[in-house]
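Working notes for the structure below.
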Amino acid sequence: MRKLLMLLAVATTIVSCKNEPQVDYAILSGTIVNKSTDDFTINSLDRSFKKVIDVATDGSFIDTLKIDAGTYMLYDGKNFTQVYLDHGNSIAVKFDVKDFDNTLTFSGNGAEISNYLLAKANKQKEMMGEGTTVYELEEADYKAKFNSIKTTVEEMIGSSEGISEAYKSIEKRSLNYSYLNKLNIYKSYHSYYAKKSDFEVSEGFLSELDGISYDSEADYTFSQDYKNLVSTHYRKIASEMAKTDSIAQDIAILKVAGAITNETIKNSLLYDSAKYDVTYTSNLEDFYQAFMAGSTNDTHIKEITESYNKLKTVAKGQTSPKFVNYENYAGGTTSLDDLKGKYVYIDVWATWCGPCKREIPFLKEVESNYHGKNIEFVSLSIDKEKDHSAWQKMIVDKELGGIQVFADNDWNSKFVQDYLIKGIPRFILVDPNGDIVNSNAPRPSENELVELFEELDIK
């Protein structure tokens, strides 16, 4: 009888386990005090997941999210924070927009990791100090600073209650990767912020990176710092390949990434490199073939193939897409067809874009040197409508010349979409017949631009 009862108990347990629904979602709710918008955005760190969540008039919100376990970013247009979500979690967020840092709280089932992440961010900010002065520290002090931060946060995660040992273990590895990543960026950051253009780290400064294994899928999907280290590692290998084999850097990266044995890491690096570089590459066919030779991810292949097919329509010799009746700062409107009969050098830019503004002095110089010749210089702003006055002000403040036009729908303008522009500044050269000379023309700061003009005999 006892054995029979035990068997019945086991059977009941098995049946109960089988009948329990597998929860594949998390519930996120909360209240935003003094809300400034009617929604906010949640997205994964790799941007593969994004959702806009509506906020009610009283500042409350609730949503059911079908997500993978991991860290996500909440952004209300002004403030942002990390939240950790896992299946079965029901987490409540609350903050006052007017005092975000001092009022942000997480509560509910599964909130322990989110609270740890918040405490970690605050502690790291406190220990790093204000601004970028930490990157001006000399080697020994810099290394000591970030080693101290690592040790402090390791103690925080170690003593946190309600967090699994599995999470603590992988988080501690991530903290070490964060420390190593800070060492890895020191040369470039110190050179820039300490204004030492020829700075080199001392021998042995990076020796702690020697033992890193670059094939851990678990660490790659969990830790952004590990992902950065992996990416940097393979990009260095690609740089050597580019020199040795005399191939373009963007294609070398795809070849190196395509040889990685771990499928997740390989496909991630291939896609991360291709999704933007495909719009800039100077050899579209070789670039696409290198990507296709390595990628095994159907979703990535579909997206890059669509980009490839679209970019073929704006290759050299194709008729250029048109912009029509864009507002001209000088008055009236201007269309690309209005400029037929001359070469047209188009600068796609925005007032908020730092690299765009760095090109302005060079652009003004080129414009001056080619004034009155068979070429028009068009600066096409993709600022949002709310920044229209900032566009007008910058034209005056920077004494911008050429033809200054304002796109009809910022990034979503048909001209921008037709050229598949994903980053600015972007420069385009169109010939007097309206055909494309180069959809990725050299920048004004590059000697290749004047060489191109001379080759075309623009005079």
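The values are calculated or read from the model by the stated rules, or taken from the named source; none is laboratory data. Since the structure is predicted, the reported quantities are computational estimates derived from the model, not experimental observations. With ideal geometry, Cβ positions are generated from the backbone for all residues, glycine too; neighbour counts draw on all protein chains shown.
Scanning the range 95-122 for residues being modelled with pLDDT under 95 and of a type in the set (D, E, K, R) gives a total of 4.
When we screen Y189, Y226, Y234, Y276 for residues that are of a type in the set (F, W, Y), assigned to a helix (DSSP H, G or I) and closer than 26 Å to Y84 by Cα, the only hit is Y226.
Every condition in (1) farther than 15 Å from F406 by Cα; (2) at pLDDT 95 or above; (3) surrounded by fewer than 20 Cβ atoms within 10 Å (Cβ to Cβ) holds for W352 except the one numbered (1). A single entry from V405, V396, V378 fulfils the requirement of being in a helix (DSSP H, G or I) and either outside the structural domain of E448 (by TED's automatic domain parsing) or among the aliphatic types (A, V, I, L, M) (or both): V396.
Considering (1) part of a loop (DSSP other than H, G, I, E, B); (2) surrounded by 15 or more Cβ atoms within 10 Å (Cβ to Cβ); (3) modelled with pLDDT of 90 or more, the lone condition that K35 does not fulfil carries the number (3).
Scanning the range 344-375 for residues that are under 17 Å from E399 (Cβ atoms), assigned to a helix (DSSP H, G or I) and of a type outside the set (D, E) turns up C356, K357, R358, I360, P361, F362, L363, K364, V366, S368, N369. Once the range 408-425 is narrowed to residues that are in a loop (DSSP other than H, G, I, E, B) and under 18 Å from the mean Cα position of the chain (by Cα), the residue that is nearest to R443 (Cα to Cα) is P425.
Looking at the range 52-94, which of its residues are assigned to a strand (DSSP E or B) and closer than 16 Å to V23 by Cα? Hits for the range 52-94 are D63, T64, L65, G70, L85, S90, I91.
The residues on offer are S164, S202, S207, and the sole one that is within 30 Å of L118 (Cβ to Cβ), surrounded by fewer than 19 Cβ atoms within 10 Å (Cβ to Cβ), among the hydroxyl-bearing types (S, T, Y) and more than 27 Å from the chain's Cα centre (by Cα) is S164.
When we screen K94, K120 for residues that are touching a residue at least 60 places away in the same chain (Cβ under 8 Å) and of a type in the set (D, E, K, R), the only hit is K94.
Looking across the range 242-256, the residues that are more than 13 Å from F287 (Cα to Cα) and either of a type outside the set (D, E) or not in a helix (DSSP H, G or I) (or both) come down to A242, K243, T244, S246.
With respect to V450, is the statement that it is closer than 24 Å to K316 by Cα and in contact with a strand residue (DSSP E or B) (Cβ under 8 Å, 6 or more places away or on another chain) true? No, not satisfied.
When every residue of the range 301-319 is checked against the conditions, at least one turns out to be touching a residue at least 12 places away in the same chain (Cβ under 8 Å), more than 30 Å from E263 (Cα to Cα) and outside any loop (DSSP other than H, G, I, E, B). Taking the numbered list (1) of a type outside the set (K, R); (2) out of contact with any strand residue (DSSP E or B) (no Cβ under 6 Å at 6 or more places or on another chain); (3) farther than 19 Å from F40 by Cα; (4) part of a helix (DSSP H, G or I) in turn, I113 passes all entries but (2). Just one of the listed residues (K340, K373, K364, K357) is without any contact (Cβ under 8 Å) to a residue 60 or more places away in the chain, surrounded by fewer than 17 Cβ atoms within 10 Å (Cβ to Cβ) and either within 20 Å of E454 (Cα to Cα) or basic (K, R) (or both), namely K357.
I'd like the full set of residues that are in contact with an Asp or Glu (Cβ under 9 Å, 6 or more places away or on another chain) and either in contact (Cβ under 8 Å) with a residue 40 or more places away in the chain or among the aliphatic types (A, V, I, L, M) (or both), limited to the range 260-280. Matches in the range 260-280: I260, T261, N262, T264, I265, S268, D272, A274, K275, V278, Y280. Criterion applied to S239, S197 was being in contact with a helix residue (DSSP H, G or I) (Cβ under 9 Å, 6 or more places away or on another chain), surrounded by fewer than 16 Cβ atoms within 10 Å (Cβ to Cβ) and either assigned to a helix (DSSP H, G or I) or in contact (Cβ under 8 Å) with a residue 60 or more places away in the chain (or both), and the one residue passing it is S239.
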